[in-house]
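Each remark here refers to the structure printed beneath this line.
The values are calculated or read from the model by the stated rules, or taken from the named source; none is laboratory data. None of the values given here were measured: they were computed from a predicted structure. Every residue, glycine as well, gets a Cβ built from its backbone with ideal geometry; the counts of neighbours run over all protein chains shown. To get the accessible areas, we keep the full protein, side chains included, count just its heavy atoms, and leave off ligands, DNA and RNA. Shrake-Rupley method; radii C 1.70, N 1.55, O 1.52, S 1.80 Å.
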Amino acid sequence: MEFSLAILPGDGIGPDVTTEAVRVLEAVGRRFGHDFDLKQGSIGGNAIDKTGTALPEETLEISQAADAVLFGAVGGPKWDDLNAKVRPEDGILGLRRTMGLFANLRPVKVEPALANSSPIKKDRLEGVDMIVVRELTGGLYFAKPKKRWRTSRGQRAVDTLRYTEQEIDRIVRVGFELAMGRRKRLTSVDKANVLETGRLWREIATRVAKDYPDVEIEHVLVDNAAMQLIIRPAHFDVIVAENTFGDILTDEASVLSGSLGMLPSASLAGLPGGASGKRSRRKVNGLYEPIHGSAPDIAGQGIANPIGTILSLAMLLRYSLSLDDEAAAVEQAVQGVLAEGYRTRDIAGDGGDVIGTQQMGSVIAGRV
Ligand code: NAD
């Protein structure tokens, strides 16, 4: 089959890690007989330097026209001026907004070979395999009024937490759809004891649950969810949460895996397929990126871990191109290479062969 992808490497280690993901993609193309038409675009700091904007029109065009977008990371000290009119992050935020990517998916799995890299006790990590679904375009980060002003009694500031029934319905459904293809347990996170939006969230989640009788739903208050993630992380299958809670919980969950360099993410405008958990072979554009930033402290040294980006590529194959076997081949290649003892520096805590970014990409591609 033929597919078109936009590749947006960005800044810092972004180009290093996306180059390795493309190497793995080429191996997938050879093994499974697919043609991938790749178009590269600039975004973030390097785009500001070239064009004065963090999201050039051409980048937006190739991203919207593609079947899916693979993104590295943006930012760095060169563009860190808080008063600057354009900032590297404007690129990625603009892309998410324009493409309507309301669902952010972050799987967190602890590779047995890496259990020693996590700060959490090893016995707690056994069987950890969850996916956190975060609402990405609504709530406290976007709703108006959002402002700061002076009064005779000092400054005041306000942010607004607003959700519509439709916004809650569509993100909770993404959670249920994912749960259908997994262990059929959905944890819906809210703060229904205090927040009106929390009560609406719980009401809608309970209503949507009727369409998914095979999935067991539990409602957990966000403060309790934060605690349970550390106490019994293996309990969770799919977690769904609004934007702010999801932001905090996804960072907390990422600690379980040991290194920022290991974790992938997907931002989607919905999941392909209907209410059965069986996905159709329809292409659904989405944006795939590792959860880490541009890591300026190690940029250009050839030591960044490309696995988070390579696993993001696996998510791209699965969710946007419906290539499940190909996605599994990439994930198995990563597991195999880790089991054989290959390590980049960030995950070398338990010994093993320390190799660079390019070598890690090559051994994973070789196993595909
Ligand atoms: P970071 O994720 O870039 O780095 C945090 C630490 O983790 C650093 O010590 C880094 O060396 C290490 N690290 C990150 N990825 C790694 C990898 N693949 N392999 C090995 N080590 C890795 O976060 P930061 O330092 O807070 O931010 C650096 C820049 O990235 C900032 O400009 C920030 O705004 C930007 N940022 C961008 C994104 C994005 O593009 N989506 C996300 C977060 C931060």
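Quick notes
- Every condition in (1) surrounded by 21 or more Cβ atoms within 10 Å (Cβ to Cβ); (2) assigned by TED's automatic domain parsing to the domain that holds Phe176 is met by Val74 except one, and the failing one is (2).
- Some residue of segment 288-305 being touching a helix residue (DSSP H, G or I) at 6+ places or on another chain (Cβ under 6 Å), more than 16 Å from the ligand (Cβ to nearest atom) and open to solvent by 10 Å² or more (accessible area, probe 1.4 Å): no
- Annotation note: of Thr137, Thr151, the sole residue that is in contact with a helix residue (DSSP H, G or I) (Cβ under 8 Å, 6 or more places away or on another chain), among the β-branched types (Val, Ile, Thr) and open to solvent by less than 90 Å² (accessible area, probe 1.4 Å) is Thr137.
- Selection of segment 223-269 for residues being within 16 Å of the ligand (Cβ to nearest atom), of a type in the set (A, V, I, L, M) and open to solvent by 40 Å² or more (accessible area, probe 1.4 Å) yields Ile248, Val255, Leu260.
- No other residue among Ile364, Ile298 is more than 21 Å from Asp129 (Cα to Cα), at pLDDT 90 or above, assigned to a helix (DSSP H, G or I) and out of contact with any Pro (no Cβ under 6 Å at 6 or more places or on another chain) apart from Ile364.
- Matching residues, segment 129-147, being aromatic (Phe, Trp, Tyr) and out of contact with any Lys or Arg (no Cβ under 9 Å at 6 or more places or on another chain): Tyr141
- Check on Arg207, of a type in the set (D, E, K, R), outside any helix (DSSP H, G or I) and out of contact with any Pro (no Cβ under 8 Å at 6 or more places or on another chain): no
- Close pairs from segment 196-224: first touching a residue at least 60 places away in the same chain (Cβ under 8 Å), partner assigned to a helix (DSSP H, G or I) and not aliphatic (A, V, I, L, M), Cβ under 7 Å, at least 6 apart: Tyr212/Phe176
- Flag if Ile310 is assigned to a loop (DSSP other than H, G, I, E, B) and buried (at least 17 other Cβ atoms within 10 Å of the Cβ): no
- Of residues in segment 55-87 being within 14 Å of Gly286 (Cα to Cα) and of a type in the set (S, T, N, Q), the one nearest to the chain's Cα centre (by Cα): Ser63
- Residue within segment 25-34 that is surrounded by fewer than 17 Cβ atoms within 10 Å (Cβ to Cβ), within 16 Å of the ligand (Cβ to nearest atom) and among the basic types (Lys, Arg) present: no
Conditions (1) surrounded by 19 or more Cβ atoms within 10 Å (Cβ to Cβ); (2) in contact (Cβ under 8 Å) with a residue 60 or more places away in the chain; (3) within 13 Å of the ligand (Cβ to nearest atom), marked per residue:
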residue	(1), (2), (3)
Ala54	yes, no, yes
Thr59	yes, no, no
Pro88	yes, yes, yes
Lys122	no, no, no
Gly127	no, yes, no
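- The set of residues from segment 141-168 being in a helix (DSSP H, G or I) and within 19 Å of Val220 (Cβ to Cβ) comprises just one member, Ile168.
- Identity of the residue in segment 90-100, within 12 Å of the ligand (Cβ to nearest atom) and open to solvent by less than 50 Å² (accessible area, probe 1.4 Å), that ends up nearest to Leu60 (Cα to Cα): Leu95
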